[in-house]
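What follows is calculated from the coordinates using simple rules that are stated; it is not laboratory data. Everything numeric in this text was worked out from a predicted model, so none of it was measured. Every residue, glycine among them, receives a Cβ derived from its backbone with ideal geometry; neighbour counts consider all protein chains shown.
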Amino acid sequence: MEPQPESIERPAEASGPAGGRNYSRLYLRFILLTLICAIVPLSLLGWAAFDHYSDFSYDQMADYFQRRAEANRRIVELFLKERTAEISLVGYGHSLEDLKNRDKLEYIFRLMDQEGSYFTDLGVIDDRGKHMAYIGPYDLMANDYSVTFWFKELMKRGPEVYVSDMFMGYRKTPHFIMAILRREGDLKWILRATIQNEFLSSLVENIKIGDTGEVFLLNYLGVFQTNPRTGGKLMTNSDLPIERFTEESGILAWQPEGGGGQDRPPKQFIAYAWLKEPHWMLVVKQDYAEAFMEVNKANQSAFLLFNLSLLVMLTVSGVIAGYMIRIIQKRDKEADSLSEQLIHTSKMASVGELAAGVAHEINNPLAIILTANQVIRDLAQLTATLDQVFKERLLQLLSQIDSMVQRCNHITHNLLRFARRTKAPTQLVDLNESLKEVMDLTEKRAKTNGVEFSAAFRPDLPKVLASPAELQQVFVNLINNAIAAHGGKANGSIRINTRLAEKPERIEIEVADSGVGIAADQIGRVFDPFFTTKPVGKGTGLGLSISYSIMKQLGGDIKVQSEVGKGSTFTLLFPLTSTNHEKNNISGRDDV
Amino acid sequence: MSETNSARVLLIDDEVAFTSNLAMILSVRGYEATAVHDGESAVRAVEEGDYDVAILDLMMPGIDGIETLRQIKRKKPLLEVIMLTGHGSVDTGVEGMHLGAFDYAMKPIDIGDLLEKIADAYQRKLLQEQRNGNP
């Protein structure tokens, strides 16, 4: 007996409050698992797409910048080419004689001016650096140019047009010159024209790229040839890393020096393109951040989308996990109550066995006491010499013993009755009666479901030896199923027949409903445990399987016929073996 | 009455005290009572002697009551058997009735009731014998 409480205790603990199981940990594990399953591929995809897109957009932006620089370079080159063409036309198209003539020179200057007033002035200079003729707003006739860098440069050069860098010169305004060296016999002279900084500047300075973008020209030493919007002035040195401008045109990202932390100048994105003549370069420059703003925006929205997806997944996995936990909880609860029932049943069974054992063990000695009592009584009656008072007293005490034995007898019989009840005591049951009881119990429920009962009982059915409670369970199951089969369908009817079949000799009980019927593919499974057509949580799927096992235990059977839409008929078959009905006479006696 | 009381009763029970007490009670009432304490001896006794009524306890060591009943009935179909048990199993009772037992009762049975049952059984036996004797 010792292990008994142990085996009862353990399942009882498990079937206690459902919170005893760690559902929240299971919940978290579900979420974690689904999240990992969802996030890992999403992150991989996101990372790959981001990486690819970043490269792609960088390339696009770089290409765009370079082409922009090259396009602007072409404009500047075109401008310069037109101007040099004019100069060389004038220089080679006229003799020194013509050009020395101030009137003639002025006439030519006017002609050139008609193309657009790019030239500020036009001068003819001899090989000692003195003006021979000059048309223009400044008074430069007395100046000696032989010391200027461009004069020296020109003297070394061939016949092509020389274009200078920006410089201040005698007139103290930024400008650059175009000049050619002409030779007529021994004579060397220079035709020189000045172009104001503004014209060149107008070509590039007005180009706006975003808020921080700009276009400017640098000479090969990194001196500004036009006014940049930021980072310097015309004719000052830029801090751009021109040593890195090695290609004919290219792009680079550049972090300017200076400052620290917050004051650090923003990183720049630079495209450059070298001009052929003069040795200048065109630079397109923009804050890196601004240049890649669109890319960053796209990345940001992708990042946002990623986070949003995460949020959605978190929610979804939370909801799904919650749903699953609820299902599991419900299953557990069902299993618990089932095992609780089992435990209860087995507990009752063992208590019953114990009671039966005790009763039996006590009944034997009681029987002996009774007989011994009777022997004494007989002896007393037969012994004539006994004192009358003593005899009376003796007989009185003997009947007291008898009544005490009867008292014990009651106790043991009660114990036995209890023991028998714990294992579904069988007795002879009038099936009609039992059915009638169940119908009375279920009639109200049927009516509220719009279902009418009709019954045709064969009278005087032989009684059947069975457990009334179990039979009741079978009937209740069948009738409840029949009611449920109508599913609220109006004007339903349930017909209940009992009849006595001849061959083989048996009682048949038919429960026929006018409900929805059972599909052909399901009819073979209706007696399987846990098979149910009811919505989840409504049926255990055990009713018919329990009914089936009860009928089988009785040596009977249960059959089903059904037509979808017309209804189902369940038939209970009770065999009429002699055990079941012949000897009705013992029923009264064993219960005493 | 004298006929009734001359019935020979076989008591089959492993409780010696029970059989000896019962034998005394019966002999006081004119019965001829013999006690045996297991199934085998019972069968042997039935073979050798001539009894009218047997009181059979169903719970015995060795061959059990039902088996004893079966063998006794095979040998002496007219011998009436009253089954006694300390255990309230209906199934055994029903089985015993099937095998031709006269009645079935639970221990501790009231002595008066038991005497009545014995008398009834004996009456029945006499009736059966008469019928067999003069068909």
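A few notes on this one:
- Cα-derived Rg over Rh, computed across segment A:204-291 with Rh taken as Kirkwood radius: 0.94
- The protein assembly as shown: calculated mean residue ellipticity at 222 nm from DSSP helix runs of at least 4, using -39500 (n - 2.57): -17500 deg cm²/dmol
- Most mobile of B:GLU116, B:GLU80, B:GLU67 in a GNM of chain B (Cα contacts under 10 Å): B:GLU116
- Convex hull volume per residue in cubic angstrom - Cα atoms of segment A:94-200: 101
- Note on segment A:266-336 and segment B:25-42: Cα centroid distance 104 Å, given to the nearest whole angstrom.
- Centre separation in Å (Cα based) which lies between segment A:64-135 and segment B:98-129: 155
- Contact order normalised by residue count of chain A, Cα under 8 Å, 6+ apart, percent: 9
- Highest-MSF residue in chain B out of B:GLY65, B:GLY30, B:GLY93 [GNM, Cα springs under 10 Å]: B:GLY30
- Whether segment B:4-132 is rounded, prolate or oblate, judged on the alpha carbon gyration tensor where a/c under 1.5 counts as rounded: rounded
- Directionally averaged projected area (segment A:38-105, Cα convex hull): 6.2 nm².
- Within chain A, helices built from complete DSSP H runs that reach 20 Å or longer along their own axis (Cα positions) and carry a mean Kyte-Doolittle hydropathy of -1.0 or higher are A:23-93, A:293-382, A:388-422, A:431-448, A:468-486.
- Relative contact order [Cα under 8 Å, 6+ residues apart], segment A:170-250, whole percent: 17
- Entries of A:LYS503/A:LYS552; A:LYS81/A:LYS104; A:LYS463/B:LYS75; A:LYS208/A:LYS233; A:LYS100/A:LYS233 with Cα pairs more than 26 Å apart: A:LYS463/B:LYS75; A:LYS100/A:LYS233
- Using C-alpha pairs below 8 Å separated by at least 6 residues, the relative contact order for segment A:118-267 is 15 percent.
- Antiparallel beta bridges, as assigned by DSSP with both residues in the protein assembly as shown, represent about 75 percent of the total such bridges.
- Here's how it looks for A:GLN427: its modeled amide H is under 5 Å from those of A:ALA466, A:SER467, which are all 5 or more places away or on a different chain.
- Residue order, fewest to most beta carbons within 10 Å, for A:LEU140, A:LEU500: A:LEU500, A:LEU140
- Where GluC sites (Glu not before Pro) in DSSP loops with at most 16 other Cβ within 10 Å are excluded, longest remaining stretch of chain A: A:258-501
- Residue order for A:HIS131, A:HIS486, fewest other beta carbons within 10 angstrom first, comes to A:HIS131, A:HIS486.
- P(r) histogram, all alpha-carbon pairs of chain A included - 20 Å bins from 0, percent: 13, 21, 15, 10, 11, 13, 10, 5, 2, 0
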